[in-house]
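The values are calculated or read from the model by the stated rules, or taken from the named source; none is laboratory data. What you are looking at is a predicted structure, and each value in this text was computed from that prediction instead of being measured. When we count neighbours, we look across all protein chains shown, and the Cβ atoms used for this are built from the backbone with ideal geometry, even at glycine. In case anyone asks, the SASA skips ligands and DNA or RNA and just uses the protein heavy atoms, side chains included. Shrake-Rupley method; radii C 1.70, N 1.55, O 1.52, S 1.80 Å.
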Amino acid sequence: LRRKLMEQRADLASALERIQALATRDVLTGLLNRRAMLDNMARQAREQARRGAHLSLALIDLDHFKRINDSLGHGVGDRVLQAFAKVAETELRGGDVVARWGGEEFLVMLPDTSPAQARHCIERIRLAMQATPVAQAPEDLVVTFSAGLSLCRCEEDIEAAIDPFVRILPPST
């Protein structure tokens, strides 16, 4: 009976982990989803405000994504999204967080980061993404993005910090 209870407890813990992942992660990219990112930003904004530190946010929009889907297919579009997620996570520091915000939009939260430092970080992601080949896509496909940057000073400032974003990087053609 004790062994059976321990097995059931382990099964429940595993199921709870799967449910938590489904509730907080984007299925395609494995990144945080919008709701989980909003919760994370609220916690982080409170902490940053308490310490008087900078919390920079960047909204990234993949350029010409509809054209990629329309001309190369949704499978390639999905792999572009996955490639971006991997590049962003690789290029970000340990405390930085990236989430899938919408279809081809991603939100990056950069704690303890000034706007100038955030711009440098986003540029690093841009260069890495442009150099990253996408699996099963034409070799000449270069993925670019446009980005906006904002500074969030407190929890109440999150929505205002996200919308509207100030364009910091010109759209690629």
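Just a few scattered comments:
- Anisotropy class assigned to the chain is oblate, per the alpha carbon gyration tensor with a/c at or over the 1.5 cut-off and a/b no larger than b/c.
- Pairwise label distance in nanometres, Leu5 with Arg153, each label 7 Å out on the Cα-Cβ vector: 5.6 nm
- Anisotropy class of region 64-111 from Cα gyration tensor, a/c 1.5 cut: prolate
- Gyration tensor verdict on region 1-63 (Cα atoms; rounded if a/c is under 1.5, prolate if a/b is larger than b/c, oblate otherwise): oblate
- Where the chain is the region considered: accessible area per residue in Å², 1.4 Å probe: 58 Å²
- For region 8-109, the Cβ-based charge dipole about the Cα centre amounts to some 380 debye (Lys, Arg positive; Asp, Glu negative; other atoms uncharged).
- Contact order for the chain, expressed relative to its length and based on alpha carbon pairs under 8 Å spaced 6+ residues apart, stands at 28 percent.
- Descending semi-axes in Å of region 9-108, equivalent ellipsoid built from Cα gyration tensor: 26, 22, 10
- For the chain, calculated [θ]222 nm from helices alone, where every DSSP H run of n ≥ 4 adds -39500 (n - 2.57): -16500 deg cm²/dmol
- Fluctuation leader among Leu57, Leu16, Leu81 - the chain, Gaussian network, Cα springs under 10 angstrom: Leu16
- Farthest positive-ward along the chain dipole, Cα basis, beta-carbon charges - from Ser14, Ser150, Asn69: Ser14
- Its Cα centre serving as origin, the chain has a Cβ charge dipole (Lys and Arg +1, Asp and Glu -1) of approximately 700 debye.
- Split the accessible area of region 1-96 by element, probe 1.4 Å, and carbon with sulfur accounts for 54%.
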